[in-house]
Amino acid sequence: MDTLLKKAGKYIPKEQLGLIANAYEFAKEAHSGQTRRSGEPFIEHPLQTAIYLAELKLDSKALAAALLHDVMEDCNVSYAELENKFGLEVANLVSGVTKLTKKESLNNEGAVSLTDFENISLPFADQTEINKIENSPINPDFYSAKEMARVENLKRLLMSMAEDIRVVLIKLADRLHNMRTLKALPKNRRIFIAQETLDIYAPLAHRLGIWEIKWRLEDLAFQHLNPIDYKKISKLLRSKRTSREEYIDGIRARLTESLKDSGIEAVVTGRPKHIYSIHKKIQRYQDQNMTIGDIYDLFALRVIVNRVNDCYSALGVVHSLWRPLRDQFDDYIANPKDNLYQSIHTAVLCKGAFPVEVQIRTSEMHELAEYGVAAHWLYKEGKDSDPQFDKKMIWLRQLLDWQRDVSGAEDFIESFKTDIFDNQVYVYTPKGDLKELPSGSTPLDFAYQIHTDIGHQCVGAHINGKLVSLQYKLKNGDSIEIVTSKTERGPSIDWLNPNLEYIKTNSARQKIRQWFNRQEQRINIQRGKELYSKQVRRLTTDLKLNEISEVMGMDSSDELYHSIGTGSVTVSQIAAKLTTSTDESSSNQVKPIGPTSGIDVLGVGDLLTRMAQCCNPIKGDNIAGYITRSRGVTVHRTDCPNIKNENVQETLIQVDWGQARKLYPVDIQIDAYDRVGLLKDITALVSEHRVNIANCETREVADRSIITMTLYTRGIDELNKVFSKLEGVKGVTNIIRSPDQSVTSNK
C-alpha cells in the first residue's frame, strides 16, 4: 500500500489520497480470508491492479475503484453500500467492471467460461460449484457458435468504454496482473486466457495508446502460447546483448553530439523491442525470404525534444547523419492517430549498413504515447468535459453504431480484431477529410466505409490523382477518389476471394455478402456451379460432388452451389476441409517427398544444410552450423573436435532442430495465348510464393502456348493460392491438374 500511495502522491493532491487509503482498508476487510490459487492473499490482486493504474497516472476515483473492483462480485457488498461510502462515481466504476467480469454459461450442458478468472477460494461458496467451474472443459474453438456469451461480454466492454473509459482501463490492469499469475491455472485455461489476451486485450491497449500495458500483455500471452519460441528469442537476445548495446550506444552518442552542435536540446535513448514484436519481425523476414543477419535492427532510438519545431529540426540532423530508407517515414505529429499518439517515425542505415528505427517527439507527446487515453485524467484538472478528448474517441462511437448490424459471433470477433484493433492507416477524402482504416486496406475498403452503395458501384479509384488497381494497399497520407459506375451494378464475387486481396476489413466483406444474399437463389446457384466447375473440381478427383457437399456439411449439391455463389463458402475453405478430411491411406494418394533434415537457421529460411559425416548428428543432439563457401551450412555436434578449433569459431552460426516439411509433386497444365515474357511471368509468380518447380515444358499450338509443370507444394491450400494467382497472369485462359493425382495433406 505504501508503494501505491507513493506513486499516486507524485501527481494526485494530498487531500485526495485519503479516498484511496479508505478504499484499500475496505477492500482488505471485505476480502479477508480469501486467497488466490497461487496461495497469496486475495487483496494482493486489486492492490497490484491499482498500482498499474497509478503508473498510468489515473485519478484517485479510478484507483479507489480498482481496489474495490472485486468486492461486489466476490464479497457481500452491495452497490448502495459502495455509493454510500465512496460516492456515485466510484460505485458506478466498480459496477461497470463487475458487469465485465461476470461468469457466463456457454451451453446447456453446464460448461462454464470465465470472462475473467478469479483464483479465489470463497469460504461461503458451494464447493460443488467451484469444482464445476475449475474442471469444466474449454471449447478449443475460441470463435465457435457456443461463444455467444463471449461476444455479449465484448459488446458490454464497448458500451462501458463509451460510458466511462476508466472501466476498461481498470479491466486492462486487472488482466495484466492476472496474466502475471497465470501459471497457477490448469493448462487449458492458461491457453484459453492467453489467446483471448493476445486477440482482444493487447490490441485494445494498443488502440487506446497504452504502450506499457500492450507490450506486457503480448509478452505474457506469447510466453504461454509459444513457450519454445519465447525461450529461443530470450536466449538470442542474451547472447548478443553486449555487442548490440555497444552498437546502439555508439550511434546514440554520435546523434546526441550532432544535436548539441545544432543547438537542439534533446535526450536520446535506446528503445528495445519486446519479445513478441521480435517474434513477429522474424516471421515477417522469413515470409519475405529475407535474413535478419544481425539483431541490431531489433532496437531503435528515441529522441525527446522540448518543442514541436525541434522535432523537425532533429529529423534533419538524423537524415544528414545517415541515409533514410524509402517508405519508412511517417509524420504522426501533423496527422495524429485517434489514440492520441504523436511522433515522427523514420528508419536510417547506420554504421555497418544496419537499419535503425528513430522516433522523434516532445516530452508531452512521449507521455501521451506511453499512457494514451489514460493521460487524459492527468491533464483534465477538474473539468467536467474535454471536447478534444471526446473528438479523439469518435472511432468508438462509430464502432458502436456499426456493430449493431453485425450478425454472428465469429464475424463480430473478427471485426473486433481486424477492423478496429489492427494497425491503422490514415487517408484523405477528395474534400480533405481524414479517414482511418486498418493497415492493408484497399480502395474498396475505403469505398464501403464511405457508403455501402459507393462500394457496390465502385469500378476504380484515383490515388493522389493516379488511377490504381482496386487491390492497391493504401498508404498514410493518400488522397482517394472513388470512381463509380453510371449504371446500376453490384460487387464482384472475386472481391470475397482472400487470395486476390481485394478487401481487408470484415465490415466490407459483410456488406458484399449481404448483397449476394439478397440476390435470387437461382442466380446464386448458377454462379456457384460456374465457380465450382472452374476452381473446385481442379483441386481433387478423389471425391464426388455429393461427397464434397457432405464434407462441407451441406444437405445437397444445390446448397453447396448456393453457398459458393453467395460467397459464404470460398474455394479456400473447401480446400481446407478437403485437406483435413481426405483419407491419407487412399490408394490414389501422392506420396510426400522433399527436405526432411528439419534444420532451422534463424531468419534464413530454406538455406542449404548438410549433416557432417565426421560426427553424424541425429535429432536431439546439441548442434551448431559451420558456414562453408559453396556447400551452405554443415551441421556438427557441438562436441565435435572439428569445430572446437579456435580458427573456425567465427564461422559458426546458431542452428536448431526444426520440423521436417512434406512436399507433394503436382502436375499442372496451363493454357495461354502466346506472348513474349509469358513463361517468365508464370515462373516468377510461382517462385514468389516459394513453391519449387521441378519440371517445366512448353509447346505451341497455333497462337497458343501449353505449359506443363511439376510443382512441389505443401498441400491443397497452397496449390489453390498458386492457381488463383496464375489465373491473373495476362494471357492465361485455363489451368488444370492431372486427374490421377490428389494432394491430401497440408502439414
> Given the residues ALA221, ALA194, ALA202, ALA173, which is the only one that is surrounded by 20 or more Cβ atoms within 10 Å (Cβ to Cβ), within 26 Å of PRO41 (Cα to Cα) and free of Cβ contacts under 8 Å to residues at least 40 places away in the same chain?
Replying inline: ALA194
> What's the number of the condition THR570 fails, among (1) over 28 Å from PRO665 (Cβ atoms); (2) modelled with pLDDT of 75 or more?
Replying inline: (1)
> How many residues are without any contact (Cβ under 8 Å) to a residue 60 or more places away in the chain, part of a loop (DSSP other than H, G, I, E, B) and hydroxyl-bearing (Ser, Thr, Tyr) if we restrict to region 301-347?
Replying inline: 2
>> Anything in region 81-116 that is among the polar types (S, T, N, Q), over 32 Å from the mean Cα position of the chain (by Cα) and at pLDDT below 50? List them, or say none.
In response: ASN108
> In region 324-337, how many are among the charged types (D, E, K, R) and surrounded by 11 or more Cβ atoms within 10 Å (Cβ to Cβ)?
Replying inline: 3
> Scanning for something under 26 Å from ASP229 (Cβ atoms), small (Gly, Ala, Ser), at pLDDT 70 or above and out of contact with any Asp or Glu (no Cβ under 6 Å at 6 or more places or on another chain), does region 603-620 turn up at least one residue?
Replying inline: yes
> Quick one: in region 236-248, which of the residues that are closer than 25 Å to VAL655 by Cα and among the hydrophobic types (A, V, I, L, M, F, W, C) is surrounded by the fewest Cβ atoms within 10 Å (Cβ to Cβ)?
Replying inline: LEU237
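Kindly indicate whether TYR285 is in contact with a Gly (Cβ under 9 Å, 6 or more places away or on another chain) and either crowded, with 18+ Cβ neighbours inside 10 Å or at pLDDT below 90 (or both). Give the steps one after another, and end with the answer.
Details: in contact with a Gly (Cβ under 9 Å, 6 or more places away or on another chain): yes; either crowded, with 18+ Cβ neighbours inside 10 Å or at pLDDT below 90 (or both): yes.
Taking the combined requirement at face value, the residue satisfies it.
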>> Looking at (1) over 30 Å from TYR312 (Cβ atoms); (2) buried (at least 18 other Cβ atoms within 10 Å of the Cβ), which one does ILE251 not meet, given that it meets all the others?
In response: (1)
> Which condition breaks for GLY658 when tested against (1) at pLDDT below 85; (2) under 30 Å from LYS730 (Cα atoms); (3) out of contact with any Phe, Trp or Tyr (no Cβ under 9 Å at 6 or more places or on another chain)?
Replying inline: (2)
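Here is a yes/no grid of residues against (1) out of contact with any Pro (no Cβ under 8 Å at 6 or more places or on another chain); (2) over 20 Å from GLU212 (Cβ atoms); (3) acidic (Asp, Glu):
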{"residue": "TYR11", "(1), (2), (3)": "yes, no, no"}
{"residue": "LYS14", "(1), (2), (3)": "yes, yes, no"}
{"residue": "ILE20", "(1), (2), (3)": "yes, yes, no"}
{"residue": "GLU29", "(1), (2), (3)": "yes, yes, yes"}
{"residue": "GLY33", "(1), (2), (3)": "no, yes, no"}
{"residue": "TYR52", "(1), (2), (3)": "yes, no, no"}
{"residue": "LEU56", "(1), (2), (3)": "yes, no, no"}
{"residue": "ALA65", "(1), (2), (3)": "yes, no, no"}
>> Based on this model, can you work out whether LYS511 counts as of a type in the set (Lys, Arg), within 17 Å of SER724 (Cβ to Cβ) and assigned to a helix (DSSP H, G or I)?
In response: no
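Just a yes or no: is a residue in region 181-197 in the same structural domain as HIS319 (by TED's automatic domain parsing) and not in a helix (DSSP H, G or I)? Outline the logic, then answer.
Filtering region 181-197 for residues in the same structural domain as HIS319 (by TED's automatic domain parsing) gives none.
Within region 181-197, not a single residue is in the same structural domain as HIS319 (by TED's automatic domain parsing) and not in a helix (DSSP H, G or I).
In the list ILE251, ILE264, which residue meets the criterion of being at pLDDT 85 or above and either assigned by TED's automatic domain parsing to the domain that holds ARG190 or not in a helix (DSSP H, G or I) (or both)?
Working: ILE251 fails: either assigned by TED's automatic domain parsing to the domain that holds ARG190 or not in a helix (DSSP H, G or I) (or both).
It is ILE264.
Table: residues versus (1) surrounded by 15 or more Cβ atoms within 10 Å (Cβ to Cβ); (2) at pLDDT 85 or above; (3) assigned by TED's automatic domain parsing to the domain that holds SER533; (4) not in a strand (DSSP E or B).
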site	(1), (2), (3), (4)
ARG690	no, no, no, yes
ALA694	no, no, no, no
ARG699	no, yes, no, no
ILE706	yes, yes, no, no
ASN720	yes, no, no, yes
SER724	yes, no, no, yes
VAL729	yes, yes, no, yes
THR733	no, yes, no, no
THR744	yes, no, no, yes
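The values are calculated or read from the model by the stated rules, or taken from the named source; none is laboratory data. Quantities reported herein were computed from a predicted structural model and do not represent experimental measurements. Using ideal geometry, Cβ is built from the backbone for each residue, glycine included, and neighbour counts are taken over all protein chains shown.
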